[in-house]
Amino acid sequence: MTTRADTLRLATRGSDLALRQAATVRDSLASRRRTVELTEVETTGDQIRDELIHRLGKTGAFVRSLDEKVMDGELDAAVHSMKDMPTERPDNLVVAGVPERAAPGDALVTPDGTALADLPEGAVVGTSSLRRRAQLLAERPDLVVEPLRGNVDTRVEKLLAPSLQREHQERHEAEQERKEHAGEADSDYEFPYDEDVEAWFNGLSELERRALGRDDETEYDAIVLAKAGLDRSGLSHHVAATELDPETFVPAPGQGALAVTALDGEVADDINDRIDHPRTRVETTVERTILAELGGGCVAPIGAYATVEGGVVHTTVRVLSRDGDEEVTATRDLPVERHVDAAVDLAAELADEGAADLVAEAKRDAGAADDDAATAREEGEEDEP
């Protein structure tokens, strides 16, 4: 059993988003008179940058390095994105605190705010999430879904780069043409822009300037990100994003929520008393119980979305094949007073209706993909980023 120390040593990944998330936990604890010190920990997921998320996720690559520091006693607690956490954890490690959840759904981000239904036929959409890929293809089989990794800023830069680079080139060519006509007395050339290329560049945001300098092979028409990630990264007001309805484009279990893990004991109890949000705890428990019962982990396209509405937990679950051609869905109102048992029952119902077969198929596909990836590495080839 762990006991409370004067300063809570809190583990976090070192990415910008992870640090922002950990800072919200630190500030919440500080507002309740708890002194907190953040410590950055590099995880396996940070070190292996050429693997897709679903391959890394099977071993909790973004989670376990932090939790090991807690279990070894080097740090007191760790902050995680709940959707990244394995459904199984060591017996003596508990989810001590679940703060109030941010936006749970996904967002479609495009250079100009185009909705999913209005994307051109064959549009390229970036995501490394199997769930997002399957749901995209279920709605728009014509889409080309390409892998996309990196932090939130990097993903947005990859999306914006081609259009910004084209505009830069067009402005540069127009400026060159204006210079060519400058000495002609009878020229009727009209410069098509209201400012020169230098003024245009100076008006770009820092993110847009970084995007302008990128050199990426894949050109994306759109990308799909967690709405909470956009918000926490401070990018929601700088990109054209359309929220996808979580009742139909069902998010990952626990998406938008944070989890603070600690060893069972006084420290965990103290964190729970200060920051745990009961409603979010119930909702995410339902979602993750269904995920655990179906056994999908990060290798199967499973969405689960629960909201407490009075005395029930309104729950929508969507389990798909990887190509989006097949799916099993259900929407139920589960009683709050027995939400865990009701979530177990719902998962069993879904399994009997075919979800178990879809999960088994996804696991077989994941095994084959991993074998192919291992062979590629042995042959000196790189996986897609």
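The values are calculated or read from the model by the stated rules, or taken from the named source; none is laboratory data. Keep in mind that what you see is a predicted model, and the values were worked out from it rather than measured. Cβ sites come from the backbone with ideal geometry, for glycine too, and all protein chains shown count toward neighbours. Keep in mind that these areas ignore ligands, DNA and RNA; they rest on the heavy atoms of the full protein, side chains included. Shrake-Rupley method; radii C 1.70, N 1.55, O 1.52, S 1.80 Å.
Bridging of LYS363 to lysines at a Cα separation below 27 Å is possible for LYS58, LYS83, once same-chain residues fewer than 8 apart are set aside. Among ALA30, ALA259, ALA228, the largest mean-square fluctuation in a Gaussian network model of the chain, built with springs joining Cα atoms closer than 10 Å, belongs to ALA30. Ligands, DNA and RNA are left out, and with a 1.4 angstrom probe the accessible area of the chain is 47 Å² per residue. Considering only VAL313, THR114, SER31, the residue lying farthest towards the positive end of the dipole of the chain is SER31, judged by Cα position with unit charges set on Cβ. Ranked by solvent-accessible area (1.4 Å probe, protein heavy atoms only, all chains present), the residues PHE191, PHE249, PHE201 order from largest to smallest as PHE201, PHE191, PHE249. For ARG131, the shell of other residues with beta-carbons less than 12 Å away shows a net charge of +3, using +1 for Lys and Arg and -1 for Asp and Glu. Charging the Cβ of each Asp and Glu at -1 and of each Lys and Arg at +1, and nothing else, the dipole of the chain about its Cα centre rounds to 1940 debye.
To one decimal place, what Kirkwood hydrodynamic radius in Å is obtained for the chain from all pairs of distinct Cα atoms?
Kirkwood hydrodynamic radius for the chain: 22.7 Å.
Full extension of the chain segment joining ASP264 with GLU309 gains 13.1 nm, where the gain is 0.36 nm per residue of separation less the Cα-Cα distance. By accessible area, using a 1.4 Å probe on protein heavy atoms only, region 117-209 has 42% of its surface on carbon and sulfur. Only alpha carbons enter this Debye calculation for region 210-255, each as an equal point scatterer, and the log10 of I(q)/I(0) it gives at q = 0.25, 0.27 Å⁻¹ is -1.09, -1.15. Annotation: peptides 120-126, 320-326, ranked by per-residue average of other Cβ atoms within 10 Å with the highest first, follow the order 320-326, 120-126. Sorting MET85, MET71 by solvent-accessible area of protein heavy atoms yields MET71, MET85, largest first, with a 1.4 Å probe. Basic side chains Lys and Arg get +1 at the Cβ, acidic Asp and Glu get -1 at the Cβ, and with that the dipole of region 75-121 about its Cα centre reaches some 200 debye. Cross-link reach is defined here as a Cα-Cα straight distance under 14 Å, omitting same-chain residues fewer than 8 places apart; for LYS227 the aspartates and glutamates meeting it are ASP106, ASP153, GLU243, ASP245. So how tilted is helix 339-350 from the main axis of the chain? Cα-based, degrees 0 to 90, rounded to 10. In the chain, helix 339-350 runs at an angle near 70 degrees to the longest axis. Projecting label points 7 angstrom from Cα along Cα→Cβ for THR242 and ASP27 puts them 3.2 nm apart.
For the pair LEU212 and GLN169, label points projected 7 Å from Cα toward Cβ lie 1.6 nm apart.
Taking all protein chains as they are arranged and a probe of 1.4 Å, the heavy atoms of ARG64 leave approximately 120 Å² accessible to solvent. Pairs of Cα atoms in region 174-253 fall into 10 Å distance bins, from 0 up to the last occupied one, in shares of 13, 27, 26, 18, 11, 4, 1 percent.
Ordering ALA138, VAL286, ALA226 by the projection of their Cα atoms onto the charge dipole of the chain, which places +1 on the Cβ of Lys and Arg and -1 on the Cβ of Asp and Glu, puts VAL286 at the extreme positive end. Accessible surface for LEU225 stands near 10 Å², nearest 10, in the context of the full protein assembly shown (1.4 Å probe).
In this rough spin-label picture, where each label sits 7 Å from Cα along the Cβ direction, the GLU42-VAL336 distance is 4.6 nm. Given a Förster distance of 56 angstrom, what is the FRET efficiency for GLU190 paired with ARG279, based on the Cβ-Cβ distance and rounded to 0.05? Once the sixth-power term is evaluated, E becomes 0.40.
Mean projected area of the Cα convex hull of region 241-321, taken over all directions, amounts to 7.2 nm². Note on region 160-228 and region 309-349: Cα centroid distance 48 Å, given to the nearest whole angstrom.
Note on region 259-366: with neighbouring protein chains present and a 1.4 Å probe, carbon and sulfur make up 44 percent of its accessible heavy-atom surface. Note on ASN202/ASP112: beta-carbon distance plugged into 1/(1 + (r/R0)^6) with R0 of 22 Å gives a FRET efficiency of 0.50. Treating each Cα of region 298-356 as an identical point scatterer and ignoring solvent, apply the Debye formula and state log10 I(q)/I(0) at q = 0.14, 0.15, 0.26 Å⁻¹. Log-scaled intensity ratios, in q order: -0.39, -0.44, -1.05.
Ordered by solvent-accessible area of protein heavy atoms (1.4 Å probe), largest first, the residues HIS314, HIS237, HIS168 come out as HIS237, HIS168, HIS314.
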